[in-house]
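Visitor: Please see the structure below; I have some questions.
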């Protein structure tokens, strides 16, 4: 009975530790995705030509072993948005973030408008 | 004759069991305390990062009011912002200011309407706690296309606004200092009657 109890307590402890680590990974993974999208928005706004696939590694936050991949493609099949007489360009931005040695990944695909 | 365990054997087994249980309980206790500390700091981390969401929201509703200027320094930033809900009576331009207090180790948010009085220093809502370092940076869009923008330590241009604002934070943790950053694009709110969507049918 004692050994069963000890094993159960250790299992519960291990589960709570794993859950804490997963929730932390999810939080920082999602923040990294948002950070990359924010920087992409600034680059597109500046008129940088970033129609390509870019890969990198997290440089801040607690999990510097996070890796990321960003794919920016012009959304040519969609209508442009006219504002104040100028036609803007729509880009599809897909960002994927994962951690080395983990099967879990966090990804977002969104559309960003930038000015011509 | 049936032979059982002697008293010495029983005492020995009990002593070994007590020792093993004691070591296990101490290890588990230390582990649970470490887990509690980690949870405490993670909660503080979550709270700080959630507080910065407010900054992102404010940055996405910058007011085009030309009477209010964008002003950025290393430890504070203030900018014109639309207050209230669109269409409501309190929908009006105002000013939002985020300032780092190195003594209290917090970032405070102060918001006041255009016609209102500027709040006193030290007042306002605390959005980030346990921050031992903080620096604001401001994105200057390049002059020509194809060039990269520049991150500046100060924004003193009263006519234009930066393309974005970056906050570099050093959060206090149980295991040391956690460095992180958030980037917020500056989005100026345009009145709805100036937007036309899909006019003409083709891009």
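Visitor: Quick one: Cα centre-to-centre distance for the stretch A:1-78 and the stretch A:96-116, in angstrom?
Guide: Their Cα centres are 9 Å away from one another.
Visitor: Rounding to the nearest 10 and keeping the result within 0 to 90°, find how far the Cα-based axis of helix B:7-59 lies from the longest principal axis of chain B.
Guide: On a 0 to 90 degree scale, this one is about 0.
Visitor: Kindly identify the stretch B:45-190 as rounded, prolate or oblate by the Cα gyration tensor criterion: order the square roots of the eigenvalues as a ≥ b ≥ c, call it rounded if a/c is under 1.5, otherwise compare a/b with b/c, prolate if a/b is larger, else oblate. Let's see the in-between values first.
Guide: Numbers: a/c = 1.86, a/b = 1.18, b/c = 1.58.
Taking the square roots of the gyration eigenvalues as a ≥ b ≥ c, the stretch B:45-190 is oblate.
Visitor: For the protein assembly as shown, what percent of Cα pairs sit more than 30 Å apart? Don't skip to the end; give the middle numbers.
Guide: On the way: 24970 of 50721 pairs.
Result: 49 percent of Cα pairs exceed 30 Å.
Visitor: Let me ask you something else. Between residue B:181 and residue B:115, take the C-beta separation as r, use R0 = 41 Å, and let me know the FRET efficiency to the nearest 0.05.
Guide: Values: r = 35 Å, r/R0 = 0.85.
The computed FRET efficiency comes out at 0.70.
Visitor: Can you compute the helix-only [θ] at 222 nm over chain B? Use -39500 (n - 2.57) per DSSP H run of at least 4 residues, normalise by all residues, nearest 500 deg cm²/dmol.
Guide: So the calculated ellipticity at 222 nm is -10000 deg cm²/dmol.
Visitor: From other protein chains only, count the Cβ atoms within 10 Å of every residue's Cβ in A:37-46, then give the mean.
Guide: Per-residue shielding by partner chains comes out at 6.
Visitor: Next up: For a quick check: sort B:189, B:67, B:10, B:161 by the number of other beta carbons within 10 angstrom, fewest at the front. Walk me through the intermediate numbers first.
Guide: On the way: B:189 15, B:67 8, B:10 11, B:161 22.
Ranked by crowding around the Cβ, least crowded first: B:67, B:10, B:189, B:161.
Visitor: Using a 10 Å cut-off on Cβ to Cβ distances, tally the other chain neighbours for every residue of A:15-21 and report the average as a whole number.
Guide: Values: counts 0, 4, 4, 0, 0, 4, 1.
Neighbouring Cβ atoms belonging to other protein chains average 2 per residue here.
Visitor: Also, I was wondering about something else. Taking R0 as 35 Å, what FRET efficiency do you get between residue B:148 and residue B:189 from their Cβ-Cβ distance, rounded to the nearest 0.05? Let's see the in-between values first.
Guide: Working: r = 27 Å, r/R0 = 0.77.
Given R0 = 35 Å and the Cβ-Cβ separation, E is 0.85.
Visitor: Using only Cα atoms, locate the centre of the stretch B:92-143 and the centre of the stretch B:8-38, then give the distance between them in Å, rounded to an integer.
Guide: 50
Visitor: What is the calculated FRET efficiency for residue B:125 to residue B:21, with r their C-beta to C-beta distance and R₀ = 51 Å, to the nearest 0.05?
Guide: Values: r = 49 Å, r/R0 = 0.97.
It comes to 0.55.
Visitor: Okay, next question. For peptide B:13-21, what's the mean number of Cβ atoms from other chains within 10 Å of each residue's Cβ? Provide the component values of the computation, followed by the final result.
Guide: Working: counts 0, 0, 0, 0, 1, 0, 0, 3, 2.
Whole-number average of other-chain Cβ neighbours for B:13-21 is 1.
Visitor: For chain B, what is the relative contact order in percent, using Cα pairs closer than 8 Å and at least 6 residues apart in sequence? Don't jump to the answer; show the numbers that get you there.
Guide: On the way: 324 pairs, mean separation 36.7, N = 203.
Relative contact order here is 18 percent.
Visitor: Can I ask one more? Highest mean first, how do A:20-27, A:40-47, B:103-110 rank when packing is the count of other Cβ atoms within 10 Å averaged over residues?
Guide: Numbers: A:20-27: 14.6, A:40-47: 20.9, B:103-110: 17.4.
Ranked by mean Cβ neighbours within 10 Å, highest first: A:40-47, B:103-110, A:20-27.
Visitor: Which of rounded, prolate or oblate describes the stretch B:1-108 when judged by the alpha-carbon gyration tensor and an a/c cut-off of 1.5? Walk me through the intermediate numbers first.
Guide: Numbers: a/c = 9.26, a/b = 4.31, b/c = 2.15.
It comes out prolate by the Cα gyration axes.
Visitor: I would also like to ask the following. Cα gyration tensor of the stretch B:87-149, axes a ≥ b ≥ c as square roots of the eigenvalues: rounded (a/c below 1.5), prolate (a/b > b/c) or oblate?
Guide: Numbers: a/c = 2.92, a/b = 1.18, b/c = 2.46.
Taking the square roots of the gyration eigenvalues as a ≥ b ≥ c, the stretch B:87-149 is oblate.
Values in this text are rule-based calculations from the coordinates and carry no lab data. Owing to the predicted nature of the structure, the values given are computational and were not obtained by experimental measurement. For neighbour counting, all protein chains shown are included, and Cβ atoms are generated from backbone atoms with ideal geometry for every residue, glycine included.
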